[in-house]
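Notes follow the structure.
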Amino acid sequence: MSKPRPQAFINARLVDPESGYDGPGGLVVAQGSIAEVRKGSDFQGLSEDLQVIDCNGAMLAPGLVDLRVKTGEPGAETKETLKSAAQAAAAGGVTSIVVQPDTDPAVDDPAVVDFILRRARDVELVHVYPAGAATKGLKGQQMAEIGLMREAGCVYVTDVDRPIVDSKVMRRLLSYAASFGVLVAHRPADPWLSEGAAATEGEFAARLGLPSVPTVAEQIMLERDLALCELTGARLLADQITCAAGLESLRRGKDRGVRVWASASINHLSFNELDIGDYRTFARLDPPLRHEDDRQALIDGLAEGLIDVVVSAHTPAPAEDKRLPFDEAAPGAIGLETLLPALLAFHHDERIPLVKLIRAATLAPAQLIGLKTGRLTAGAPADLVLCDLGAPLIVDADRLISKSKNSPFDGRRLQGQVLMTLVDGRIVHRATE
Amino acid sequence: MTTALGLEDVRARTFPFPHRHFISAADLNAVQAAELLELADGFVDLNRQTSKKLDLLKGRTVMNLFFEASTRTQSSFELAGKRLGADVVNMSPRSSSMSKGETLIDTAVTLNAMQPDLLVVRHASSGAASLLSQKVGCSVINAGDGQHEHPTQALLDALSMRRAFGRVSGLTVAICGDVMHSRVARSNVSLLNTLGATVRLVGPPTLIPAGADRWGAEIHHDLRSGIAGVDVVMMLRLQLERMQGALVPSAREYFRFWGLDREKLAAAAPGAKVMHPGPMNRGVEIDSDVADDPNISLIQNQVEMGVAARMAVLASLAARLENRP
């Protein structure tokens, strides 16, 4: 591949989560990195041989870092391949994705980590980082080879949707991972209360006759995790906090200095249980969609920084897995392409400042797993997204790039169109028209 | 007894029903519900004649698609269809080769291609009937979907009450037992509220779903206080697997506190009637002494009303069927 010519982006609205700057500016990209950042609207004295791109006031921000992406590779390539996921990510302004280990075979062995990294290199679109299984076969019994997987390139360990039930296993896992400085992500959900649930307990789920789980199931497991985290001194990512009860525990944990971070999925920030409507299986998620009070609490939690990271929780499921009665349908929703515009809704509603929103999807996740990206600073990788913040958009699931089309945003009106995505200075996506 | 209606009267009564499908009792407004009951009432008299056959549905095909076995409901729909002159086909996908690896939608689309006019569906998953109605060209009647609804049951229950008391509006009805898993309870709460009755839900807290207090029903955990002064006590079936310590400790403990016998029934209003959607667990939720007393039990009437109520639903939906392009 030939080296791209150095580029200058001018007349942009720069949003840099590291410095907190949100204002006019531009930057120069050379050799895959950000070479120079200019704040203000004076672009005199730029070198002659630069390719100048006039951004016309569009937002130029670090590319998004998505900590929770599922593909079907290896094992279920009809759902999504690393390539199709990477293409979807590029189209959505996401420049780094962390793929989940619940594949077939599971990523519980350094050889599988290797396989994924090699496949991702061949695709050569966005950065792909594997997360490793926390326990062998994601069975919650024996620790996986955390040290070896880390050496092979894993950025954190997790058992994905399966809570580690045995507290002794969890305790050992946290202690062991801490010695390698490896972040452990854990989905807080009491397995017995959640068993078979397809909705959140309450009037609506009861009316629909759906098996449901009370939100305290999240709180119960989170309290255990916080206590074990405190005991072991490990770093914990509470994977997908979804409700007011969970936020309350999280707040207490953070207040007493537990080394815990928390993510929220864009789905739980954007939808509530009523979006299930007449048994819409695209709204069948795990954890299930919550009450509106919980959603509001989650948005407040993001605004005040209690929620550190926003993820797409991209979970491809083909039509045959979704065209089923609600409780039999596969849970999950795709989200790579809609993450940014859906997130921008809170900026347009004036709920959360833009720079804060961007931080939760760029710098915060990048720092959590030790990436240098997520910043607009000279020397940082040129992983960038250029986005027309005000451009209207009606999501059409059939036109999304993902191989599976299970988007709950289908038909939604959003604002924010990704004009261009750069990874290491290479343009990996450019909007048509 | 009123004189049985002739065919012309029934035809004249058949009003343009506004719904293409009959999925939920909540879809009916008070006028539609009252009209359905009125129509069904006429069919009751017809069903008592020696010649029971009409040709309202002549040439129509009714397909009974029961993913969950049910002799009672299936034969009730079958009779209803036949008495209206339709061709009735019974399908039990569970026992046929059709079920192997085929999803609900695949099965329905296959059957739909055979051009039925009315598809009667029972399935173990909530929302299954609604899902089907989105994928087929015929009218879909929900004969029970998981723990969601069983709207024709609510209709036949209302018809039984109407014939026993002359009205439904103003009655107080206690629905007792396993409300949590009961589609009958959900449909009844909704229809009875629409018809102006007062509804109470009675059962142990483990069998009353969270948020049921916002359904438009009073919640009681004590049977005696729950049925105090009510006109109708509707007992629900308690599945055997739910009695063995999971939701209630044992059958005998359940019967002691929530089972209906003559002594507890004394708390209800004088002349109160007892109902049960069947099949009954005698000695668990209801004492035979009460269930079999024709002066207080409407249980056999309910079965009879079932055929009439289903005839009313079939006739109403068929009245707005058109040829498919």
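The values are calculated or read from the model by the stated rules, or taken from the named source; none is laboratory data. It should be emphasised that the depicted structure is a prediction, and the values quoted were computed from it without experimental measurement. Quick reminder, even Gly has a Cβ in these numbers, built from the backbone with ideal geometry, and neighbours come from all protein chains shown.
Take the conditions farther than 19 Å from A:Val355 by Cα and modelled with pLDDT of 95 or more and apply them to A:Ser19. Does it pass?
It is false that A:Ser19 is farther than 19 Å from A:Val355 by Cα and modelled with pLDDT of 95 or more.
Identify all residues within the range B:182-206 that are of a type outside the set (Val, Ile, Thr), surrounded by 20 or more Cβ atoms within 10 Å (Cβ to Cβ) and either part of a helix (DSSP H, G or I) or touching a residue at least 60 places away in the same chain (Cβ under 8 Å) (or both); write none if there are none.
Within the range B:182-206, B:Arg183, B:Ala185, B:Arg186, B:Ser187, B:Asn188, B:Ser190, B:Leu191, B:Leu192, B:Leu195 meet the criteria.
Looking at this structure, is B:Gly177 at positive phi, more than 14 Å from chain A (Cβ to nearest Cβ) and either in contact with a Phe, Trp or Tyr (Cβ under 8 Å, 6 or more places away or on another chain) or without any contact (Cβ under 8 Å) to a residue 12 or more places away in the chain (or both)? Give the derivation first.
On the way: at positive phi: yes; more than 14 Å from chain A (Cβ to nearest Cβ): yes; either in contact with a Phe, Trp or Tyr (Cβ under 8 Å, 6 or more places away or on another chain) or without any contact (Cβ under 8 Å) to a residue 12 or more places away in the chain (or both): yes.
Spelling it out, B:Gly177 is indeed at positive phi, more than 14 Å from chain A (Cβ to nearest Cβ) and either in contact with a Phe, Trp or Tyr (Cβ under 8 Å, 6 or more places away or on another chain) or without any contact (Cβ under 8 Å) to a residue 12 or more places away in the chain (or both).
Scan the range A:161-182 for residues that are of a type outside the set (Ser, Thr, Tyr) and more than 18 Å from A:Arg224 (Cβ to Cβ) and jot them down.
Of everything in the range A:161-182, those that are of a type outside the set (Ser, Thr, Tyr) and more than 18 Å from A:Arg224 (Cβ to Cβ) turn out to be A:Phe180, A:Gly181, A:Val182.
Return the total of residues in the range A:252-281 being within 14 Å of chain B (Cβ to nearest Cβ), on the phi < 0 side of the Ramachandran plot and either buried (at least 22 other Cβ atoms within 10 Å of the Cβ) or among the aliphatic types (A, V, I, L, M) (or both).
Adding up the residues that qualify gives 4.
Can you find, within the range B:126-137, the residue that is farthest from the other protein chains (Cβ to nearest Cβ) among those that are touching a Leu at 6+ places or on another chain (Cβ under 8 Å) and surrounded by 24 or more Cβ atoms within 10 Å (Cβ to Cβ)?
B:Leu132
Tally the residues that are outside any helix (DSSP H, G or I) and either surrounded by 20 or more Cβ atoms within 10 Å (Cβ to Cβ) or in contact with a Phe, Trp or Tyr (Cβ under 8 Å, 6 or more places away or on another chain) (or both), restricting the search to the range B:62-79. Quick ask: steps written out before the conclusion?
Step one: filter the range B:62-79 for residues outside any helix (DSSP H, G or I), giving B:62-70.
Now drop any that are not either surrounded by 20 or more Cβ atoms within 10 Å (Cβ to Cβ) or in contact with a Phe, Trp or Tyr (Cβ under 8 Å, 6 or more places away or on another chain) (or both), which leaves B:62-67.
The number of residues fulfilling the criteria is 6.
Quick one: A:Ala12 ticks every box in (1) loosely packed, with under 13 Cβ neighbours inside 10 Å; (2) at negative phi except a single one, so which number is it?
Every condition holds for A:Ala12 apart from (1).
In this structure, is A:Leu173 within 14 Å of chain B (Cβ to nearest Cβ), of a type outside the set (Lys, Arg), in contact (Cβ under 8 Å) with a residue 24 or more places away in the chain and more than 18 Å from A:Leu67 (Cβ to Cβ)?
No: the conditions fail for A:Leu173.
If B:Pro209 satisfies all but one of (1) assigned to a helix (DSSP H, G or I); (2) within 14 Å of chain A (Cβ to nearest Cβ); (3) buried (at least 21 other Cβ atoms within 10 Å of the Cβ), what's the number of the condition it fails?
(1)
What is the residue count in the range B:97-132 for residues that are at pLDDT 90 or above, closer than 30 Å to A:Phe204 by Cβ and more than 19 Å from the chain's Cα centre (by Cα)?
2
Would you check if there is a residue in the range B:163-172 being more than 22 Å from B:Ala124 (Cβ to Cβ), within 14 Å of another protein chain (Cβ to nearest Cβ), of a type outside the set (Asp, Glu) and not in a helix (DSSP H, G or I)? Reasoning before the result, please.
Going residue by residue through the range B:163-172, those that are more than 22 Å from B:Ala124 (Cβ to Cβ) are B:163-172.
Still in the running and within 14 Å of another protein chain (Cβ to nearest Cβ): none.
The answer is no; no qualifying residue exists.
Among the listed residues A:Ala366, A:Ala297, A:Ala345, identify the single one that is touching a Pro at 6+ places or on another chain (Cβ under 9 Å), at negative phi and either assigned to a helix (DSSP H, G or I) or not charged (D, E, K, R) (or both).
Criteria check complete, one pass: A:Ala366.
Would you mention how many residues in the range A:272-293 are in a helix (DSSP H, G or I) and under 22 Å from A:Val160 (Cβ atoms)?
Selection size over the range A:272-293: 3.
Restricting attention to the range B:212-232, does a residue exist that is within 18 Å of the chain's Cα centre (by Cα) and either within 14 Å of chain A (Cβ to nearest Cβ) or touching a residue at least 40 places away in the same chain (Cβ under 8 Å) (or both)?
yes
Given the condition in a helix (DSSP H, G or I), surrounded by 20 or more Cβ atoms within 10 Å (Cβ to Cβ) and either in contact with a His (Cβ under 9 Å, 6 or more places away or on another chain) or among the hydrophobic types (A, V, I, L, M, F, W, C) (or both), answer yes or no: does some residue in the range A:117-132 qualify?
Yes.
Within the range A:302-333, can you find the residues that are among the aliphatic types (A, V, I, L, M) and within 10 Å of another protein chain (Cβ to nearest Cβ)?
So in the range A:302-333, the residues among the aliphatic types (A, V, I, L, M) come out as A:302-303, A:306-307, A:309-311, A:313, A:317, A:319, A:324, A:329-330, A:333.
The answer is A:Ala319, A:Leu324, A:Ala329.
Only residues that are in a loop (DSSP other than H, G, I, E, B), within 14 Å of another protein chain (Cβ to nearest Cβ) and surrounded by fewer than 23 Cβ atoms within 10 Å (Cβ to Cβ): list them for the range A:202-244, please.
Once the filter is applied, which keeps residues that are in a loop (DSSP other than H, G, I, E, B), within 14 Å of another protein chain (Cβ to nearest Cβ) and surrounded by fewer than 23 Cβ atoms within 10 Å (Cβ to Cβ), the range A:202-244 yields A:Gly202, A:Pro211, A:Pro214, A:Thr215.
Per-residue answers, yes or no, for (1) over 22 Å from A:Leu236 (Cα atoms); (2) aliphatic (A, V, I, L, M); (3) surrounded by fewer than 17 Cβ atoms within 10 Å (Cβ to Cβ):
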site: A:Arg68; (1), (2), (3): no, no, no
site: A:Gly75; (1), (2), (3): yes, no, yes
site: A:Ala90; (1), (2), (3): yes, yes, no
site: A:Ile97; (1), (2), (3): no, yes, no
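Of the conditions (1) more than 30 Å from B:Val121 (Cβ to Cβ); (2) charged (D, E, K, R); (3) touching a Leu at 6+ places or on another chain (Cβ under 7 Å), A:Arg290 fails just one. Which one is it?
Going through (1) more than 30 Å from B:Val121 (Cβ to Cβ); (2) charged (D, E, K, R); (3) touching a Leu at 6+ places or on another chain (Cβ under 7 Å) one by one, A:Arg290 breaks only (3).
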